[in-house]
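Here the structure is laid out as structure tokens; the discussion comes afterwards.
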Amino acid sequence: MAAPDPSKKVADRYLKREVLGEGTYGVVYKAIDTHTGQTVAIKKIRLGKQKEGVNFTALREIKLLKELKDPNIVELIDAFPHKGNLHLVFEFMETDLEAVIRDRNIFLSPADTKSYLQMTLKGLAYCHKKWVLHRDMKPNNLLIGSNGLLKLADFGLARMFGSPDRRFTHQVFARWYRAPELLFGAKQYGSGVDVWALACVFAELLLRRPFLQGTSDIDQLGKIFSAFGTPTASQWPDMVYLPDYVEYQYVPAPPLRSLFPMATDDALDLLSKMFTYDPKARISVQQALEHRYFSSAPLPSDPDKLPRPAPKKEPKASDFNLQEAPTVLSPPRKSRRVMPERDGFEGNSQQADKVDGGFGDFRQTTDDNSGKNESAPMSVDFSIFGLKPPNRPTINSADRTHLKRKLDLEFQQPE
Amino acid sequence: MTPRSESSPRQQRRSSQRRFQPAARPSHRRRSTTSGAPKAVVSNNSATLAVAAILLSGAALPSLPSQWRDASSLPVSQPVEGKHLLDQEDVDMVNTLDKEKGITLEDFKLIKMHMASYILKLAQQVKVRQRVVATAVTYMRRVYTKKSMTEYDPRLVAPTCLYLASKAEESTVQARLLVFYIKKLYADEKYRYEIKDILEMEMKVLEALNYYLVVYHPYRSLSPLLQDAGLNDLNMTQLTWGLVNDTYKMDLILVHPPHLIALACIYIASVLRDKDTTAWFEELRVDMNVVKNISMEILDFYESHRMFTEERINAALQKLTLRP
């Protein structure tokens, strides 16, 4: 393929460093921008063999990130073709919120939790203001830079919303973060789905473990109902009209306080408003930002002072060995990302166990602290699984075929 | 910003059907034949052409109140980034390489118009909604503010823009399907391109667009504006919608904010249908001179379109293939 001259120049601009991770649609490199001296993460978008050009998910991300410029949203700095592949240049991010939550050496003060939540809300408020739904909020997609600033990343599932009567797929978000209306199959939904997911993140920050760990969609609803009680018609009048609505046996709600014994009253009040069943009654991101939780003491920590996982020592270029695969930066059990790509067509059977890709991956590796998890107050005893918590659910295979149809991604049919 | 959810139920139904908006009523087509206009190349979705031709011959535009106020707080969505709007002279700049081949500004416009029709024809075959067409045409026009037709063959750029727009607007069309319909539509060798050509060009188009893929169109403001003016009956909706469709035969979308284009179309339609909208326009805080100028541009186009014959387009395209 004829690479036009300018692309060469652009490629020369960036000094390639080590591989940060292998995603489903490409490799992420660390690089230095020779013009600015800035460290960046370059994502090489592999052009599939399916003869469908620039990856659809990547295109979505490019389209939206070109419009979304905010301190709390990861910046797409540049894009260029090189040797027939599209390269996306992002600001380099040190770690992500999941690593923070999981790191048992980190103590999160109430002010720290407040700060992380506030930054997430700000980024999301900007998205919603620009009529973009993120649809994949989870700690792993909330990246943290060296200055402590948290930024929303991975817009591969995001879409513009607000057009009337436009039907969307309900197969979005990792299951643990999916709002009840999505689990009941709603096709027309709004910004409330992001709020619910963010509430799950909030709860995860408070508990230091994922809050509602359903093993299936049905189980997920069960977990939700056992936490907040089975919704009644008066709480959520439209519920019974949802496509996949099934009646659940009534369980009363335990007091919220019993689930979050350490949280302040303000925190619980905000949390309960974000976890409101009826999406119409659920608090908006903007309202959440104005909640007294953020104005009452303790005030949110300065991002600079937030605790972060100890940065791994910089690997020297000399001892960087591809054979030893330092590329597996995120532990394999993180293979839970929503991946609409179907690498199976390439006959690569190990794809299934591959580490997650997507844009969450342009961060430095953090210590694999999975071994430390055993001391954590987990809801399940993982000892029988060899001390490892079960994989976070990715969208399962049944979901994925569903996705193919519903996500308007049909273009990648094998033949 | 106003919510985007403010369209009439009819509008909603239409958008969900993923169909093209039918243009004006058949009766207008009948009138167009009696008006004796030569068969225009622009045929699809342009029944309004004839309507406007009638307008041109007889109806006079109402005189405008002199005290039009500034465009400051129009209650419709504004384009997020005004930097995408260009000056007319930048849009009308014929690339040096094309000039050397003898392409005039007239040829340049003619080819772009023809390619807009080509995109529409292809889109009708693969059945995508009007919005995808509008975005694709906008991409194509943006490309030629930066690139030459000599290097970027319009006959490849047009289907590539449709391909890219279908992805960007979340209604993906397979490249092989496009290639199939290209062959079906044009027997001419020069239109023949394969999947790999489209995919190669996709990357170049992305670069030429500087990766900006979101386009705001007049369609969105049309419905709330008509409703606000009390003109949201089927007839007016269809007429204005058709007029907006026709604006993509011109470069308006590169030069003017979409809501002003929508207003110009409402303005023309209300004059045509004898609706008194003077008071309503007066209440809007928009620069009515701009709206009026856009309206005149649209009417000028309707007047001259009958001269855009197949032969002239082919002659213009022929120049591109000449070796200098």
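The values are calculated or read from the model by the stated rules, or taken from the named source; none is laboratory data. Just so it is clear, the model here is predicted, and its values are computed rather than measured. All Cβ positions, even for glycine, are placed from backbone atoms using ideal geometry, and neighbour counts span all protein chains on display.
Structural remarks
- Scan of the range B:144-185 for residues that are within 14 Å of chain A (Cβ to nearest Cβ) and either touching a strand residue (DSSP E or B) at 6+ places or on another chain (Cβ under 6 Å) or among the polar types (S, T, N, Q) (or both), ordered by number: B:Ser148, B:Thr160, B:Ser166, B:Ser171, B:Thr172, B:Gln174
- B:Met149 in a helix (DSSP H, G or I), buried (at least 24 other Cβ atoms within 10 Å of the Cβ) and either outside the structural domain of B:Thr237 (by TED's automatic domain parsing) or of a type in the set (Phe, Trp, Tyr) (or both): no
- Contact map, the range A:148-174: first residue facing chain B (nearest Cβ under 8 Å), second residue surrounded by 21 or more Cβ atoms within 10 Å (Cβ to Cβ) and modelled with pLDDT under 90, Cβ cut-off under 7 Å, separation 6 or more or different chains; pairs are A:Arg159/A:Phe168; A:Pro164/B:Ser7.
- Residues within the range B:232-260 that are crowded, with 22+ Cβ neighbours inside 10 Å and either in the same structural domain as B:Val133 (by TED's automatic domain parsing) or in a helix (DSSP H, G or I) (or both), tallied: 15
- Looking only at the range B:272-324, and only at residues there that are surrounded by fewer than 16 Cβ atoms within 10 Å (Cβ to Cβ) and of a type in the set (Ser, Thr, Tyr), the one that is farthest from B:Asp233 (Cα to Cα): B:Thr321
- Test result for B:Val137, in a helix (DSSP H, G or I) and among the hydrophobic types (A, V, I, L, M, F, W, C): yes
- Being within 30 Å of B:Asp300 (Cα to Cα), at pLDDT 95 or above, part of a helix (DSSP H, G or I) and not assigned by TED's automatic domain parsing to the domain that holds B:Leu317 is a property that does not hold for B:Val271.
- Residue match in the range A:59-74 (condition: in a loop (DSSP other than H, G, I, E, B), away from chain B (no Cβ under 14 Å) and more than 17 Å from the chain's Cα centre (by Cα)): yes
- Matching residues in the range A:236-245 - criterion: being assigned to a loop (DSSP other than H, G, I, E, B) and surrounded by 10 or more Cβ atoms within 10 Å (Cβ to Cβ): A:Trp236, A:Leu242, A:Asp244, A:Tyr245
Residues are listed down the side, and each one gets a yes or a no for (1) of a type in the set (A, V, I, L, M, F, W, C); (2) farther than 18 Å from A:Gly21 by Cα:
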position	(1), (2)
A:Leu59	yes, yes
A:Pro81	no, yes
A:Asn85	no, no
A:Phe92	yes, no
A:Lys114	no, yes
A:Gln118	no, yes
A:Leu133	yes, yes
A:Asn147	no, yes
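- Pair list, Cβ under 9 Å, 6 or more apart: the range B:82-109 residue in contact (Cβ under 8 Å) with a residue 24 or more places away in the chain and more than 14 Å from B:Ala315 (Cβ to Cβ), other residue surrounded by fewer than 14 Cβ atoms within 10 Å (Cβ to Cβ) and of a type in the set (Ser, Thr, Tyr): none
- Hey, B:Ala229 farther than 20 Å from A:Gly53 by Cβ and either within 9 Å of chain A (Cβ to nearest Cβ) or surrounded by 19 or more Cβ atoms within 10 Å (Cβ to Cβ) (or both) or not: yes
- Exactly one residue out of B:Lys121, B:Lys112 is more than 14 Å from chain A (Cβ to nearest Cβ), of a type in the set (D, E, K, R) and in contact with an Asp or Glu (Cβ under 9 Å, 6 or more places away or on another chain): that is B:Lys112.
- Residues of the range A:51-68 that are touching a residue at least 40 places away in the same chain (Cβ under 8 Å) and out of contact with any strand residue (DSSP E or B) (no Cβ under 6 Å at 6 or more places or on another chain): A:Glu52, A:Phe56, A:Thr57, A:Arg60, A:Glu61, A:Glu67, A:Leu68.
- Filter pass, A:Leu121 being closer than 28 Å to A:Phe161 by Cα, assigned by TED's automatic domain parsing to the domain that holds A:Ala197 and modelled with pLDDT of 90 or more: yes
- Enumeration of residues in the range B:186-208 that are more than 13 Å from chain A (Cβ to nearest Cβ) and part of a helix (DSSP H, G or I): B:Glu189, B:Lys190, B:Tyr191
- Residue in the range B:109-120 that is surrounded by fewer than 16 Cβ atoms within 10 Å (Cβ to Cβ) and either among the aliphatic types (A, V, I, L, M) or modelled with pLDDT of 90 or more (or both) present: no
- Condition broken by B:Val215, with the remaining ones in (1) closer than 19 Å to B:Lys249 by Cβ; (2) modelled with pLDDT of 95 or more satisfied: (2)
- Exactly one residue out of A:Ala199, A:Ala203, A:Ala263 is modelled with pLDDT under 95, surrounded by 14 or more Cβ atoms within 10 Å (Cβ to Cβ) and within 21 Å of A:Leu121 (Cβ to Cβ): that is A:Ala263.
- Residue list for the range A:206-235, restricted to those being crowded, with 18+ Cβ neighbours inside 10 Å, small (Gly, Ala, Ser) and part of a helix (DSSP H, G or I): A:Gly222
- Check on A:Val193, within 14 Å of chain B (Cβ to nearest Cβ), crowded, with 22+ Cβ neighbours inside 10 Å and touching a Leu at 6+ places or on another chain (Cβ under 7 Å): no
- Qualifying residue in the range A:223-246 (condition: within 25 Å of the chain's Cα centre (by Cα) and free of Cβ contacts under 8 Å to residues at least 12 places away in the same chain): yes
- Residue check, A:Leu299 out of contact with any Asp or Glu (no Cβ under 8 Å at 6 or more places or on another chain), closer than 20 Å to A:Pro231 by Cβ and surrounded by fewer than 18 Cβ atoms within 10 Å (Cβ to Cβ): no
- Test: residue in the range A:102-112 that is touching a Leu at 6+ places or on another chain (Cβ under 6 Å) and either surrounded by fewer than 24 Cβ atoms within 10 Å (Cβ to Cβ) or in a strand (DSSP E or B) (or both): yes
- In the range A:71-87, the residue that is surrounded by the most Cβ atoms within 10 Å (Cβ to Cβ) out of those that are of a type in the set (A, V, I, L, M, F, W, C) and free of Cβ contacts under 8 Å to residues at least 60 places away in the same chain is A:Leu86.
- Any hit, the range A:298-306, residues being within 23 Å of the chain's Cα centre (by Cα), assigned to a helix (DSSP H, G or I), under 22 Å from A:Pro139 (Cα atoms) and not charged (D, E, K, R): yes
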